[in-house]
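Only one structure is covered here, and it is reproduced in the block below.
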Amino acid sequence: MTRKLVRMTRLTVVIGAVLVVLGVVAYVMTAAASVTALIPTFVGVLLLLCAAAARKPAWHRHGIHAALVVALVGALGTLMNVVRIGEVFAGTAERPAAVVVSTLMFVLLVGYLVMGIRSFVAARRANTSG
């Protein structure tokens with residue numbers, strides 16, 4: 001497997017693992033008040049499964065594409081809480097922990113999407129020029 005393929009797979013593992021930890025920490029910190037605190041964990045597990053598929057050269061593109069779809073859906077799903085970040089700073093948020101966790105998840109997933117899109121654009125350019 002080429003270095004670029006390994007890099008994107010490794011990034012998928014890192015983001016997936018960070019989301020798993022984020023979800024577990026959020027669940028524990030909120031005294032297990034709601035299973036929705038584990039949403040980052042569920043998204044992280046899906047990313048880890050996609051990364052496992054991407055480790056096989058024949059499945060790499062499919063695994064990373066699937067991971068990017070999961071990241072896009074996850075980022076879009078966090079938006080309703082992310083737009084409330086101002087309420088956290090104002091001290092008026094109903095569920096400040098949910099807003100903060102959603103914002104962290106959003107930033108991680110959007111960053112991952114940007115890196116994934118850049119990787120695919122670079123791969124496309126390399127294939128057409130060579």
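Values in this text are rule-based calculations from the coordinates and carry no lab data. What you are looking at is a predicted structure, and each value in this text was computed from that prediction instead of being measured. Every residue, glycine among them, receives a Cβ derived from its backbone with ideal geometry; neighbour counts consider all protein chains shown.
Going by how many other beta carbons lie within 10 Å of each one, how would you line up Ile117, Ile39, fewest first?
Numbers: Ile117 11, Ile39 22.
Sorted ascending by nearby Cβ count, the order is Ile117, Ile39.
Gain on full extension, evaluated as 0.36 nm per residue between Ser129 and Val14 minus their Cα-Cα distance, stands at 38.3 nm.
Every helix of 4 or more DSSP H residues in the chain counts as -39500 (n - 2.57), and over all residues that averages to -28500 deg cm²/dmol at 222 nm.
Here segment 50-99 has an Rg and Dmax of 16.7, 50 Å, counting Cα atoms alone.
For the chain, the pair-distance distribution built from all alpha carbon pairs, in bins 5 Å wide starting at 0, is 2, 12, 20, 20, 16, 11, 8, 6, 3, 1, 1, 0 percent. Within the chain, helices built from complete DSSP H runs that reach 27 Å or longer along their own axis (Cα positions) and carry a mean Kyte-Doolittle hydropathy of -1.0 or higher are 3-29, 60-82, 96-129. Once the C-beta distance of Met80 and Val25 is scaled by a Förster radius of 22 Å, the resulting FRET efficiency is 0.55 to the nearest 0.05.
Simple point charges give the picture: +1 on the Cβ of Lys and Arg, -1 on the Cβ of Asp and Glu, and for the chain a dipole about the Cα centre of about 840 debye.
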